[in-house]
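Worksheet: the structure to be examined is printed underneath.
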Amino acid sequence: MHKPRLEKSSNFGITRMNNVIHLPWMLVEDFNELEFLSDKQGCTPPSLYRTNRLNSFMTTTSVESIVVNGKPFTWKKCINGSWVFEKLDRGIAHEDRITVYPNLRTTYGSFTFSDHCPIIITTEPTHRLNVALPFRFQNFWIKYQQLDSIVTKTWKISIKGTKMFQFSRKLKALKNNIKT
């Protein structure tokens with residue numbers, strides 16, 4: 001069950017937090033709203049009204065979205081055979097949080113059993129090891145109309161070497177092409 005959309009920011013009591021809490025604060029929540037039109041992919045485009053509600057709330061409370069690393073969407077649903085992806089969940093923080101947490105970031109995890117993905121908050125920069133992640137095909141990619149052309153184009157690349165070397169290089173190229 002989803003809570004009602006953000007109609008009035010005063011309904012959350014968050015607008016008063018700035019008067020009560022005199023330290024940097026953040027909130028991670030399913031706002032069920034979009035900040036930008038690009039926060040939705042698939043089905044009908046969102047209305048500007050839907051983005052205005054969250055942006056008005058954020059302006060009133062002097063908060064900003066926490067920077068996101070990685071995936072752009074936090075919610076998914078198949079509607080009439082087409083996938084819809086939206087960024088409904090987000091981390092927001094009071095503007096003064098930069099004084100204490102200048103490297104505050106959010107990362108969205110993989111979808112598992114829920115239609116929402118987990119949100120991971122980090123306060124320190126991450127140091128990734130140079131370890132290549134294995135290629136894993138995601139079944140929902142089949143729904144993308146561009147997938148066939150991406151696979152066909154990638155598989156036509158000429159690579160010299162053994163068959164296994166060619167196969168591994170094409171998989172790596174495919175992984176990169178699908179990511180972009």
Across segment 89-103, in residue order, what do the Karplus-derived ³J(HN,Hα) couplings come to in whole Hz, using 6.51 cos²θ - 1.76 cosθ + 1.60 with θ = phi - 60° and x for Gly and Pro?
9, 7, x, 10, 9, 4, 4, 7, 5, 4, 5, 9, 10, x, 9
Least to most buried among Tyr101, Tyr108, by other C-beta atoms within 10 Å and fewest first, runs Tyr101, Tyr108
If you build the Cα gyration tensor of segment 48-129 and take the root of 5 times each eigenvalue, what three semi-axes come out, in whole angstrom, biggest first?
25, 20, 8
Links that overshoot a 19 Å alpha carbon limit, given the list Lys71/Lys156; Lys40/Lys172; Lys143/Lys179; Lys76/Lys175; Lys71/Lys170:
Lys71/Lys156; Lys40/Lys172; Lys76/Lys175; Lys71/Lys170
Rule-of-thumb Rg ratio for segment 139-179 [Cα; 2.2 N^0.38 Å; N residues]:
1.21
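Coordinate-derived values only; no laboratory data. None of these values were measured; they are calculated from a predicted model. Here Cβ is always computed from backbone atoms with ideal geometry, including for glycine, and neighbour counts include all displayed protein chains.
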